[in-house]
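The values are calculated or read from the model by the stated rules, or taken from the named source; none is laboratory data. What you are looking at is a predicted structure, and each value in this text was computed from that prediction instead of being measured. We place every Cβ from the backbone using ideal geometry, glycine too, and count neighbours over all the protein chains shown.
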Amino acid sequence: MRSWQAERVAAAAGARLAGPAPVRAGDPGPERVVIDSRTVGPGDLFVGLPGTRADGGAFAASALAAGAWGVLVRPEHGGEARRAAPGAVLTADDPLAALQRLATSWREELGCTVIGITGSTGKTSTKDLLRGMLEPYRRVVATAENLNTEIGLPLTILGAPEETEVLVLEMAMRGSGQIAELAAIARPQIGVVVNVGPVHLELLGSMEAIARAKAELLAALPAGGTAVIPAGEVLLDPHVRDDVVTVTFGPGGDVDELPEHLTLPFGSAHMRLNALAALAAARAVRVEPAGAVRVALSRLRGQRLELARGIVVINDCYNANPMSMRAALDDLAETAHARRVAVLGDMLELGPAEHEFHLRLAEHARAAGVDVLVTVGPRARATAEAFGSGATALGDADAAAGLLPGLLRDGDTVLVKGSRGVGLEVVAEALADAPGVGAGRD
């Protein structure tokens, strides 16, 4: 937003300009927007968001002292901020709503194509794949890490430079209305629903309710927009619109195979399905990707770590649900060259059927040829008990981190996956650092 004067920033955010803006010829607007006062630097607009334990607006003065271009805070913090140091002071009763309005205004200023991506699983991988497909042909900005919420999505939009041609925005949800909220901010012309699965059942109660929540993205598309959905997904049938172009992907769909001229850095079935969704979205912006697709997978989402003694760790512990667990086990079965080791944590937010889902997971682990199973957490204990011989049930991630290095043999492939609350990243870190296992160690 370097081209926007303070008055325009305030108007776009629906905020009041309570203090003068810094005057720098040819350099009037903020360079970036941040919400963490510890990261504030010269030229930043700091937005002080109220939280459950602290109000970020209390740090407005320190942000200005650190050289911030300005601050956006509740009115009660405006006076102190004005006295602290030079800089624009914007006040709003609801700084988060102001941040979201500012993002929508900047999105309109960009005039770029916006692609929204949601789904029960695989939306981050699909976003990463789509970015890789588009980057050789378009100036692209995509969601980084987990900035896919009502706070992170506006920050992604506001971080897009003026020359951006395509915005690829991941949209996360836990309940009804949340995708609609994100879509109202981003105003996508293309919407991708990667899949509908048993995620957040505890809150939403049924698969039909989950489908309705995901389909809020389709409902938000403008007439003439493009909806990309899985072929044969009957749960989405009630939400298909006649006034948008609907493109299906997967077996039997409009986009059902990857062209020979397109090369991916992996071959697992679920990643290839995600790639079909990405390809459909790329074609919706008139891009036909070719050659090797460079994909940088987001952290903790399927990265393969090559350690000593031929041991490979698949670090996929950002989150887990029945659908993503099955896909990850299938990937383990397809790619392992020796023993298949699975470290599986609790799957959370599954509601009354959680025990049954964990029991079924044992069946799929056996079908995938898992040789050694380690479960982590009280829910996943049912998986270990149903799996039988070769399984060990542990109470927490630290226990698994201590046990795993001693279990491994040369050439093992280790899948580490569980819901975020289980904290299984410590297992992958322990393996990377363990003597005789970690990369570069004897």
Can you list residue pairs whose Cβ atoms sit under 6 Å apart, with the first residue in region 284-297 being at pLDDT 90 or above and the second being hydroxyl-bearing (Ser, Thr, Tyr)? Count only pairs 6 or more apart in sequence or on different chains. ALA284/THR226; VAL285/THR113; VAL287/TYR137; ALA292/THR263
Mind checking which residues of region 373-402 are farther than 15 Å from SER419 by Cα and of a type in the set (Val, Ile, Thr)? THR392
So in region 360-372, with the set limited to residues that are in a helix (DSSP H, G or I) and among the aliphatic types (A, V, I, L, M), which one is farthest from CYS317 (Cα to Cα)? ALA367
One residue from THR383, THR375 being modelled with pLDDT of 95 or more, assigned to a helix (DSSP H, G or I) and crowded, with 21+ Cβ neighbours inside 10 Å: THR383
Which residue pairs have Cβ atoms closer than 6 Å, lie 6 or more positions apart in sequence or on different chains, and pair a first residue in region 239-258 that is assigned by TED's automatic domain parsing to the domain that holds PRO222 and among the aromatic types (Phe, Trp, Tyr) with a second residue that is surrounded by 14 or more Cβ atoms within 10 Å (Cβ to Cβ) and outside any loop (DSSP other than H, G, I, E, B)? PHE249/VAL255; PHE249/LEU276; PHE249/ALA277; PHE249/ALA280
Anything in region 120-151 that is in contact with a Gly (Cβ under 9 Å, 6 or more places away or on another chain), under 19 Å from HIS200 (Cβ atoms) and surrounded by fewer than 18 Cβ atoms within 10 Å (Cβ to Cβ)? List them, or say none. ASN146
Do the conditions hold for GLY41, that is, is it surrounded by fewer than 15 Cβ atoms within 10 Å (Cβ to Cβ) and either outside any helix (DSSP H, G or I) or not charged (D, E, K, R) (or both)? yes
Testing ASP398 on (1) surrounded by fewer than 15 Cβ atoms within 10 Å (Cβ to Cβ); (2) part of a loop (DSSP other than H, G, I, E, B); (3) not small (Gly, Ala, Ser), one condition comes back false. Which one is that? (2)
Which residues, taken from region 68-92, are among the small types (Gly, Ala, Ser) and outside any loop (DSSP other than H, G, I, E, B)? GLY70, GLY78, GLY79, ALA81, ALA84, ALA88
Index of the failed condition, PRO352 passing every other in (1) touching a Leu at 6+ places or on another chain (Cβ under 7 Å); (2) more than 17 Å from VAL313 (Cα to Cα); (3) assigned to a helix (DSSP H, G or I); (4) at pLDDT below 95: (1)
Qualifying position, being surrounded by 22 or more Cβ atoms within 10 Å (Cβ to Cβ), modelled with pLDDT of 90 or more and under 22 Å from the mean Cα position of the chain (by Cα), among ALA342, ALA281, ALA320: ALA281
Just for region 131-162: of the residues that are among the β-branched types (Val, Ile, Thr) and not in a loop (DSSP other than H, G, I, E, B), which one is nearest to the chain's Cα centre (by Cα)? THR156
What number of residues within region 416-427 are surrounded by 23 or more Cβ atoms within 10 Å (Cβ to Cβ) and farther than 15 Å from MET347 by Cα? 1
Would you be able to say whether some residue in region 251-270 is assigned to a helix (DSSP H, G or I) and more than 23 Å from ILE210 (Cβ to Cβ)? no
Output yes when any residue across region 252-268 is at pLDDT below 95, within 18 Å of the chain's Cα centre (by Cα) and either surrounded by fewer than 18 Cβ atoms within 10 Å (Cβ to Cβ) or of a type outside the set (Ser, Thr, Tyr) (or both), and no when none is. no
Keeping to region 171-186, report how many residues are closer than 27 Å to GLY111 by Cβ and loosely packed, with under 15 Cβ neighbours inside 10 Å. 1
Can you tell me which residue in region 112-125 is farthest from the chain's Cα centre (by Cα), limited to those that are at pLDDT 95 or above and of a type in the set (S, T, N, Q)? THR113
Test of understanding: among ARG360, ARG366, ARG379, which residue is over 22 Å from MET207 (Cβ atoms) and not assigned by TED's automatic domain parsing to the domain that holds GLY122? ARG366
